[in-house]
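Student: Before anything else, here's the structure in question.
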Amino acid sequence: MTKRLYMTTSELTGTAQIIRCDADETGYIAELDATLFHPQGGGQPSDLGELENEPGAKATVLQVKEVDGVILHWLDVPLPPGTVMMRVNQAVRQHHAALHSVGHVIGNIGQQYGWKPVKAHHWPDECRIEFMPESNCSELEAAEIEKTLSDLIAQGLTSKIYTDEKGFRWVGFGELSPWPCGGTHLKSLSEVNGKVLATAKVKKSKLIVKYSIEASNIGEKE
Ligand SMILES: [Zn+2]
């Protein structure tokens, strides 16, 4: 099992041990004893970045995935076992965290209108949340989502993270109700760097909300 440092710290640099680095047809794959890299999953793409060892050999981290409780790092070149400095790419982390944090709050907005979020995907250009109606649900329009978000972003709600006695990590913004969540989040919604654009459609009784952040620099589209 890899120690998931990203669950308890927002640090983007730190050291760890490479336990092994194997090669297969998909590339060079390093297992570390602990990692700051958030793996792909929970509706988010993986962090990217680099590893550097003491003699100064560097490898680019191209992809991070969890396989049976072990977090694996795909590298462009192999690195030998031993101590490495981890550096998570800050811009990529921030971009993914912004899209995820906005999605997280859209879940709260849906909930306030009686819609239960059942599926979430926060990849750049593909962000969507699916909701199922609860007995008290009412119509929720895209304009209402955009306006509520813009108010919450202006208020700069901060993220609140705690772990319960069963080991589940809960994440919420301000006083909005928290969800169990293993993703990466902004410290404050004030870091959302642009206007959130949303569409909302009901299809076969499911509400589907798609969204993007207008001023994001990695090719956001409506
Ligand atoms: Zn979350």
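Student: Residues that are farther than 29 Å from Ser190 by Cα, at pLDDT 95 or above, assigned by TED's automatic domain parsing to the domain that holds Gly49 and within 19 Å of the chain's Cα centre (by Cα): does the range 78-97 have at least one?
Tutor: No: the range 78-97 contains no residue that is farther than 29 Å from Ser190 by Cα, at pLDDT 95 or above, assigned by TED's automatic domain parsing to the domain that holds Gly49 and within 19 Å of the chain's Cα centre (by Cα).
Student: Could you grab me the full set of residues in the range 54-84 that are surrounded by fewer than 17 Cβ atoms within 10 Å (Cβ to Cβ) and over 29 Å from Glu126 (Cα atoms)?
Tutor: Glu54, Pro55, Gly56, Ala57, Lys58, Val77, Pro78, Pro80, Pro81, Gly82, Thr83, listed by residue number.
Student: Within the range 99-118, restricting attention to residues that are away from the ligand (no atom under 14 Å from the Cβ) and not in a helix (DSSP H, G or I), which residue is nearest to the chain's Cα centre (by Cα)?
Tutor: Filtering the range 99-118 for residues that are away from the ligand (no atom under 14 Å from the Cβ) and not in a helix (DSSP H, G or I), the one nearest to the chain's Cα centre (by Cα) comes out as Val118.
Student: Here's a follow-up. Identify all residues within the range 106-159 that are of a type in the set (Gly, Ala, Ser) and more than 17 Å from Leu186 (Cβ to Cβ); write none if there are none.
Tutor: Correct list: Gly110, Gly114, Ser135, Ser138, Ala142, Ala143.
Student: So which residues in the range 156-195 are of a type in the set (A, V, I, L, M, F, W, C), touching a strand residue (DSSP E or B) at 6+ places or on another chain (Cβ under 6 Å) and open to solvent by 50 Å² or more (accessible area, probe 1.4 Å), if there are any at all?
Tutor: Answer for the range 156-195, where residues must be of a type in the set (A, V, I, L, M, F, W, C), touching a strand residue (DSSP E or B) at 6+ places or on another chain (Cβ under 6 Å) and open to solvent by 50 Å² or more (accessible area, probe 1.4 Å): Ile161, Phe168, Trp170.
Student: Restricting attention to the range 119-132, which residues are in contact with a helix residue (DSSP H, G or I) (Cβ under 6 Å, 6 or more places away or on another chain) and in a loop (DSSP other than H, G, I, E, B)?
Tutor: Those that are in contact with a helix residue (DSSP H, G or I) (Cβ under 6 Å, 6 or more places away or on another chain) and in a loop (DSSP other than H, G, I, E, B): His122, Cys127.
Student: Do you know which residues across the range 26-42 are buried (at least 21 other Cβ atoms within 10 Å of the Cβ) and within 16 Å of the ligand (Cβ to nearest atom)?
Tutor: Residues satisfying the conditions are His38, Pro39.
Student: Among Ser188, Ser212, which is at pLDDT 95 or above and either of a type in the set (Phe, Trp, Tyr) or in contact with a Gly (Cβ under 6 Å, 6 or more places away or on another chain) (or both)?
Tutor: None of the other options fit; the residue is Ser188.
Student: Please return the ranges of strands (runs of 3 or more DSSP E) entirely within the range 133-222 where 2 or more residues are within 14 Å of the ligand (Cβ to nearest atom).
Tutor: 159-163, 169-173
The values are calculated or read from the model by the stated rules, or taken from the named source; none is laboratory data. Nothing here was measured: the structure is a model prediction, and the numbers come from that model. So basically every Cβ, Gly included, is an ideal-geometry build from the backbone, and we count neighbours across all protein chains shown. Side chains are part of the model used for accessible areas, which takes the heavy atoms of the whole protein and leaves out ligands, DNA and RNA. Shrake-Rupley method; radii C 1.70, N 1.55, O 1.52, S 1.80 Å.
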